[in-house]
Amino acid sequence: QVQLVESGGGSVQSGGSLRLSCAAAGYAYGNYCMGWFRQAPGKEREGVAVIDSDSSTTYADTVKGRFTISQDKAKNTLFLQMNSLKPEDTAQYYCAAGHLSYSASAGYYCHLAASGFAYWGQGTQVTVSS
């Protein structure tokens, strides 16, 4: 089975940066989606960024221009570089893995919805102070 382990969270001041990592194991060769999600207490889990096996990416509007998702396929590792952090970025961050979604209009793609991801890590806390 797929196992995902996040690391790199911590506490930073507004405007600072963090780089999250997700070590993945158990994936067979093929098309896939990988993503970063976050959840603050009392709020729903939201998609932050997703990337597919061809390295196409999609970002939430709230993080565009500040966050970058990437992957090192040789090392089976997913990354999230977070710059210009804001207090509203404070949340538990999770990495997740799933398969490509499909629609008649868009074809195969990775979606920011958490329901499309079957495997999840345990999360890493990011706290941004003002």
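Observations on the model:
- Residue 30 vs. criteria assigned to a loop (DSSP other than H, G, I, E, B) and farther than 20 Å from residue 76 by Cα: no
- Taking the criterion of being surrounded by fewer than 18 Cβ atoms within 10 Å (Cβ to Cβ) and hydrophobic (A, V, I, L, M, F, W, C), the only residue of the stretch 85-100 that qualifies is 100.
- Residues in the stretch 101-122 that are assigned to a loop (DSSP other than H, G, I, E, B), over 13 Å from residue 3 (Cα atoms) and open to solvent by 50 Å² or more (accessible area, probe 1.4 Å): 104, 105, 106, 111.
- Residues considered: 90, 57, 77. Of these, the only one that is farther than 19 Å from residue 33 by Cβ, in contact (Cβ under 8 Å) with a residue 12 or more places away in the chain, hydroxyl-bearing (Ser, Thr, Tyr) and out of contact with any Asp or Glu (no Cβ under 7 Å at 6 or more places or on another chain) is 90.
The values are calculated or read from the model by the stated rules, or taken from the named source; none is laboratory data. In this text the structure is predicted, and so the values were computed from the model without any measurement. Note that each Cβ is placed from the backbone with ideal geometry, even for glycine, and that neighbours are counted across all protein chains shown. Calculation scope for accessible area: heavy atoms of the full protein, side chains included, ligands and nucleic acids excluded. Shrake-Rupley method; radii C 1.70, N 1.55, O 1.52, S 1.80 Å.
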